[in-house]
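What follows is calculated from the coordinates using simple rules that are stated; it is not laboratory data. These numbers were taken from a predicted model, which means no experiment stands behind them. Methodologically, a virtual Cβ is constructed for each residue, glycine included, from the backbone with ideal geometry; neighbour enumeration extends over all protein chains shown.
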Amino acid sequence: MAKTDSQIKWLRPSQLITFGLLLLLAIFVWWPIGSILKSTITTEAGFGFDHYRFALQSNSLWSPFKNSLYLGVTVGVLATLVGFILAYFTSFYRLPGAFLIRGLTYLSMVSPPFMLAIALIMLFGKQGILTQSFLLPLFNWAPEIYGFYGLVLIETLAYFCTSYLLLSSTFSSIDPILLEASYSQGASRMKTFWKVIFPLSLPSLFTSFLLIFIESLADFGNPLILSGNFKVLSVESYLKITGEYDTAGGSVLALALLLPCLLAYVIQKWVVSKKSFVTLTGKPSPSPRPQLKGLALVMASGLVVFTCLPILSLYSTVLFGAFVKTWGAGHEFTLLHIVNSLRETREAFLDSFLISGISAPISLVLGFIAALILLRSKASGKQLIEASSLLTFAVPGTVIGIGYILAFNDHPLLLTGTLWIIVALLAFRNLPLALQSVKNNLLQIDPSMEEGARSLGAGPTRVFAQIVTPLVAPGLISGFSYAFVKSITAISAIIFVVSGSWNLITVNILGFVETSHLSKASAICVVLMTLITVLLTSTQIFMPKERR
Amino acid sequence: MIEIQNVTRDFKTDSASFRALSSINLKFQKGRFHTLLGPSGCGKTTLLRLIAGFETPTTGDILHNGRSILSLESHQRGFPMVFQSYALFPHMTVFENIAYGLRVRSTPSNDVRRHVEEIAEKLQLTEHLFKLPMQLSGGQQQRVALARSLILKPEVLLFDEPLSNLDSRLRVLLREEIRSLQIQNGFTAIYVTHDQEEAMSMSDHVVVMNHGCVMQTGSPEQIYFRPETEFVARFLGDVNILSPTWLSQISFSLKDLDFINSDPKNYSIAVRPEQIYLSTSENALKGRLLKKMFLGHRTRLTLSLHQQKLVADVPAQEATGLQTGMEIGFVFAPKETALVRPSQPDKTYDSILEPDL
Ligand SMILES: Nc1ncnc2c1ncn2[C@@H]1O[C@H](COP(=O)(O)OP(=O)(O)O)[C@@H](O)[C@H]1O
Ligand SMILES: [Mg+2]
């Protein structure tokens, strides 16, 4: 009588791979974060809490901490609200202009994260075109865009897409039968909204709030450009380290930034999402969406236009700025900025594409392996891979960046100043994106497909190459695109690890903004977005046609 | 021949351990059609997957032609499997799906073409060979899955509820097709189903399972007419289970049963509705007619006698004059009844076997 464990033999190497992956995650994700902790409790005397004491006494911790939370909560509420309203009207009614919102969500994905801030300065800054030609002459008023209000505006406009996408998918998974049931019981649309739709979307509202709260806290580019005297943690920790060379002080701020983000993420992941009633996999029966009429139509489309137009005009500002001779003075068309800025930043452009071209495939391969382990093996420790990769979603880029310079500036892993520190950072930062993308695809594939192939005599390698890989191709392609775009537009983490020899294009854009070369900054943004769009479109060519 | 020797399979969840199969001993004779029959969750699929090599037993052994196959991985066993969900490769044409197993075996492409065309012809798939699976109907998809397995001329073919996703007419059609293919090709079929009609109409040998145990094995006739337990009797169709107390009230003599070999006190008697006959004889039992339901070729009567409800299916003509409330004479033949052991009450199946359907 044979006694065997319950493990299928061909998956046994998965145990080894699982350990390998965990080791990599430990080195490139958790060790850097641990290094931050370590640097905050290492003093000249060895061990102590001097850095914390100092940070508290000097008020350099408390005030940015409060500001960051305040900003995060404000933006979280506002952006969630805007996204909710837009998602409601576009999901339940036919509305002109709904395509505008989809366009905006696309733009926000492919643009450098601080682009709207550049546009805001070009319009409403001290030398801004609207300030100079309109507000000052007519009202003798120059708006104060640097500080809390400017940040709230820009971050709300940048992050409402998160809430819009989340709530749209929630609304579309609410079976219209429920609403019809409510109407047939005599409830009005208003009553139905408050009694059915709103309660069902409550978990998604909380999720959206928490995710945007994290995004706002982690935001680096916008505050760096716009925060003025309103100091926030991400920028302060950066300035402490690169300006004052106070690594320990910066680390304390980074930890103060990390904790609320982790907390919010844990609440979202393990509390709020458990309360969700709506299964996102449900297939609701399609029902005709009613056309709004009269006043309601005017108000609803007004709302969509009112939200979309400012954002669109901000994007257009950047587009115009890239092609006019002197912003605010001479508005003749020119390609000069494009040509000049490209000449100046050619190296950085090439570096950016090279580095993303290396890091995105690494994210993809590791993500693919991790997804296979998670869904198709019985290896122990696989839950750790999942938890670990999920938690990195919540770690702000600034924190990772600081962690990397602390962890990899010494033997045995001396990477500082090399290409590889940037590659490693981006590869592991975007691994969870690739993992989720492949995993979602793999979840839709019936495992009996693989079992069928094996029962017909195909060995594991053949099943992997001929069955699994072609079937998850869409997930692989979108995972790769996502990781690549995120690498190209990343700023908060990589700003710490760039060096003289390896620079990145987003850092150059920030440099132009700091030296007030806004036309050049716009020009690069436009080129970058065009290149990304071309790239994304061309990956669509490889997308297999719908098979189901 | 495939032999299952003392196989147990435990599934460990976070805290508890769940025994999906306990001490299974079975023999599947070569070239015959075997079904694993039982309610959902009883472990049929698990047993089939153990044979296929997708699971490993916690204890026990599985032999093929006398040799243990536990150390062989599923692709080395050569037991193709046909799934409920068809499991066709959506990115390959029907041709490539059917050819897959031959390609794996590096068959020359001329031979592949010849074999695929031959089997496609047999299963009426010729005109669909260059379509993608998604362009076929469910019945055609399952034919492709069959062709894909049959082309390998396997010694053993495994089926996991292959017809459950099809509508009932197609189900009947395909089960005849599968059965005749099995007879022609002579492979050993191990076929999982929860549908007793399917099991009885297709098989040479039925294994009835419940709660991870084998309840009874035998030919369809043995299983249907000579169930050993109440569970098997009820699972294979409507049946009247008559307790010893009630039997003594009607002075039914257990001595008339010629197959008693143990203490009859704990046993009940199973009588199928079609084994109760109307009778005008003096000695006939007299029951009150509670309900009458016309079923087409037969009429179902619900009778009551000494607080026991009985269901009888009688030829429709015999029932024409009967009206509810009447006293009716009926008989059943001891030789046609079966002695059954009571089994644990099984909630799932009680409901459909209430005598007053
Ligand atoms: N991989 C698994 N992990 C845990 N429990 C399982 C697993 N596979 C099957 N089971 C359990 O074993 C029992 C038998 O399952 P199965 O063999 O699929 O039943 P059947 O095919 O007869 O409906 C069920 O209770 C099922 O929940
Ligand atoms: Mg099953």
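222 nm [θ] for chain A, helices only, -39500 (n - 2.57) per DSSP H run of 4+, per residue, to 500? Spell out each step's value before the answer.
Working: 24 runs with 362 residues, N = 548.
Here the helix-only value at 222 nm equals -21500 deg cm²/dmol.
Please name whichever of A:Ala218, A:Leu166, A:Leu233 sits farthest to the positive end of the charge dipole of segment A:150-255, dipole taken about the Cα centre and charges placed at Cβ: Lys and Arg +1, Asp and Glu -1.
A:Leu166
Can you list the aspartates and glutamates whose alpha carbon sits under 13 Å from that of A:Lys520, skipping same-chain ones fewer than 8 residues off?
Straight-line reach from A:Lys520, under 13 Å: A:Glu344.
Taking R0 as 25 Å, what FRET efficiency do you get between A:Trp270 and A:Leu37 from their Cβ-Cβ distance, rounded to the nearest 0.05?
Calculated transfer efficiency: 0.65.
Within chain A, which is the longest segment containing none of the GluC sites (Glu not before Pro) that sit in a DSSP loop and have at most 15 other Cβ atoms within 10 Å?
A:333-545
Could you identify which residue out of B:Ile241, B:Ile62, B:Ile183 has the top mean-square fluctuation in a GNM of chain B using Cα springs shorter than 10 Å?
In this elastic network of chain B, the residue with the biggest mean-square fluctuation among B:Ile241, B:Ile62, B:Ile183 is B:Ile183.
If you plug each phi of segment A:146-155 into the Karplus form 6.51 cos²θ - 1.76 cosθ + 1.60 with θ = phi - 60°, what whole-Hz ³J(HN,Hα) values come out, in order, with x for Gly and Pro?
After applying 6.51 cos²θ - 1.76 cosθ + 1.60, I find 7, x, 4, 5, x, 5, 4, 4, 5, 5 Hz.
Between helix B:138-150 and chain B, what is the angle of the helix's C-alpha long axis to the longest principal axis, kept within 0 to 90° and rounded to the nearest 10?
Tilt relative to chain B: about 60 degrees.
With only Lys, Arg, Asp and Glu charged, each at its Cβ (+1 for the first two, -1 for the last two), find how big the charge dipole of the protein assembly as shown is about the Cα centre; round to the nearest 20 debye.
The dipole magnitude comes to about 480 debye.
Measure up A:Lys240/A:Lys269; A:Lys382/A:Lys439; A:Lys378/B:Lys153; A:Lys231/A:Lys269 against 24 Å on the Cα-Cα distance and list the ones that go over. Display every interim value, and only then the final one.
Values: A:Lys240/A:Lys269 32 Å; A:Lys382/A:Lys439 13 Å; A:Lys378/B:Lys153 33 Å; A:Lys231/A:Lys269 29 Å.
Long pairs (Cα-Cα over 24 Å): A:Lys240/A:Lys269; A:Lys378/B:Lys153; A:Lys231/A:Lys269.
Ignoring the sites themselves, what is the longest stretch of chain B with no trypsin sites (Lys or Arg not before Pro) in a DSSP loop and at most 15 other beta-carbon atoms within 10 Å?
Counting only loop sites that pass the neighbour cut-off, the longest clear stretch is B:132-357.
Given H placed 1.01 Å from N in the peptide plane, which residues other than close sequence neighbours of B:Asn240 have an amide H under 5 Å from its amide H?
B:Val271, B:Arg272
Please work out the FRET efficiency for the pair B:Gln29 and A:Phe198, using the Cβ-Cβ distance as r and a Förster radius of 56 Å; give the result to the nearest 0.05.
Efficiency, rounded to the nearest 0.05: 0.30.
Per residue of chain B, what 222 nm ellipticity follows from adding -39500 (n - 2.57) for every DSSP H run with n ≥ 4, rounded to the nearest 500?
For chain B, the value works out to -7500 deg cm²/dmol.
Return the single residue from B:Thr56, B:Thr107, B:Thr229 with maximal mean-square fluctuation; model: Gaussian network over chain B, springs between Cα atoms under 10 Å.
Among B:Thr56, B:Thr107, B:Thr229, the largest GNM mean-square fluctuation belongs to B:Thr107.
Once label points are set 7 Å from the Cα along Cα→Cβ at both A:Thr461 and A:Gln185, what is their separation, rounded to one decimal in nm?
6.1 nm
Sort out the exposed loop chymotrypsin sites (Phe, Trp or Tyr not before Pro) in chain B (DSSP loop, at most 16 other Cβ within 10 Å) and tell me the longest stretch that has none.
Values: sites that count: B:Phe130, B:Phe259.
Excluding the exposed sites themselves, the longest stretch runs over B:1-129.
With springs connecting C-alpha atoms under 10 Å apart, model chain B as a Gaussian network and identify which of B:Leu163, B:Leu47, B:Leu129 has the largest mean-square fluctuation.
It is B:Leu129.
Name the long-range amide H neighbours of A:Arg94: under 5 Å, sequence gap of 5 or more, or other chain; modelled H, no Pro or chain starts.
Correct list: A:Gln291, A:Leu292.
FRET efficiency for A:Leu354 and A:Phe542, Cβ-Cβ distance as r, R0 = 25 Å, nearest 0.05?
Given R0 = 25 Å and the Cβ-Cβ separation, E is 0.75.
In nm, give the distance between the simple-model label positions of B:Thr320 and A:Tyr70, each being 7 Å from the Cα along the Cα-to-Cβ direction.
9.6 nm
Charges on Cβ only, +1 for Lys and Arg, -1 for Asp and Glu, centred on the Cα centroid of the protein assembly as shown; of A:Val365, B:Thr302, A:Thr131, which one is farthest towards the dipole's positive end?
A:Thr131
How long is the gain from A:Leu342 to A:Val305 if the chain were fully straight, where each residue apart is worth 0.36 nm and the alpha carbon distance is subtracted?
Full extension of this stretch gives 9.9 nm more.
Report the full-extension gain for the segment A:His331 to A:Asp410: residue separation times 0.36 nm, less the Cα-Cα distance, to one decimal in nm.
Full extension of this stretch gives 23.3 nm more.
Students often get this wrong: which residues of segment A:249-267 have the backbone nitrogen under 12 Å from the point 7 angstrom along Cα-to-C-beta of A:Ser58?
It comes to A:249-253, nothing else.
Got a sec? How would A:Ser39, A:Ser68, A:Ser516, A:Ser301 order by Cβ neighbour count within 10 Å, fewest to most?
Least crowded to most crowded, the residues run A:Ser516, A:Ser301, A:Ser39, A:Ser68.
From the phi angles alone, apply the Karplus equation (6.51, -1.76, 1.60; θ = phi - 60°) to segment A:451-458 and give each ³J(HN,Hα) in whole Hz, x where the residue is Gly or Pro.
5, x, 4, 5, 5, 8, x, 7
Quick check: pseudo-label points 7 Å beyond the Cα along Cα→Cβ at A:Phe134 and A:Phe19, how many nm apart are they?
Each label point is offset 7 Å from its Cα along the Cβ direction, giving 6.5 nm.
Can you give me the long-range amide H partners of A:Val324? Hydrogens built in the peptide plane at 1.01 Å from N, cutoff under 5 Å, separation of 5 or more residues or another chain.
Residues meeting the criterion, in which the H sits 1.01 Å from N, are A:Thr334.
Angle between the Cα long axis of helix B:168-185 and the longest principal axis of chain B, 0 to 90 degrees, nearest 10?
Orientation of helix B:168-185: about 60 degrees from the principal axis.
Starting from 0.36 nm per residue, how many nanometres of slack lie between B:Lys309 and B:Thr8 once their C-alpha separation is accounted for? Before the final figure, lay out the partial values.
Numbers: separation 301, 0.36 × 301 = 108.36 nm, distance 4.01 nm.
Once the chain is fully extended between B:Lys309 and B:Thr8, it gains 104.4 nm.
Can you give the average number of partner chain beta-carbon atoms within 10 Å of each beta-carbon in peptide B:76-83, as a whole number?
Details: counts 3, 3, 3, 3, 5, 6, 3, 6.
Mean partner shielding for this stretch: 4.
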